Amino acid sequence: MPPLERATAFVSGGRVQLSGLLVPSLVLRTTGAKSGLQRETPLMYCAEPGGRMLVTGSNFARGTHPAWTANLLAHPAAVAIVRGRAVPVRAALVGDDEREAVWDYIQRQWPGYRGYERASGRVLRIFRLTPVN
């Protein structure tokens with residue numbers, strides 16, 4: 001999917017996200033954990049009440065966590081760009097105490113999505129993005 005996302009963004013001048021045509025998507029702007037540079041990553045998300053968003057570091061079932069998750073762990077202040085609107089957010093890693101409930105919520109929207117966790121052989125990082133004013 002990442003090469004197709006990049007190709008679609010290039011062809012559309014950044015106006016269209018391929019994943020956005022299929023599921024709710026955003027572009028997450030983080031600060032690099034090592035470089036300190038701004039990074040942008042297209043992601044799908046699950047909307048929660050109050051404008052919160054859940055994003056999952058599935059990395060397409062690869063055995064390593066995606067870089068954007070390390071960025072959020074190091075610098076939880078980020079920006080979610082949803083339908084062209086920039087929303088400052090604060091990221092919080094979903095804890096073990098609510099992990100199963102969050103997975104149930106995600107799977108109600110995307111049945112079978114937890115298969116990425118099983119296929120990767122690791123515990124996926126799930127972040128809750130909460131808008132800040």
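Here are a few things to note about the model shown:
- Counting neighbouring Cβ atoms within 10 Å and putting the fewest first, the residues Asp97, Asp104 line up as Asp97, Asp104.
- Taking a point 7 Å out from the Cα of Arg114 in the direction of its Cβ, the residues of segment 93-107 whose backbone N falls within less than 17 Å of it are 94-107.
- Compactness of segment 13-133, expressed as Rg and Dmax over alpha-carbon positions, Å: 13.7, 42
Each value in this text was obtained by applying a stated rule to the coordinates, not by laboratory testing. Given the structure is predicted, the values throughout are model-derived calculations rather than measurements. Every residue, glycine among them, receives a Cβ derived from its backbone with ideal geometry; neighbour counts consider all protein chains shown.
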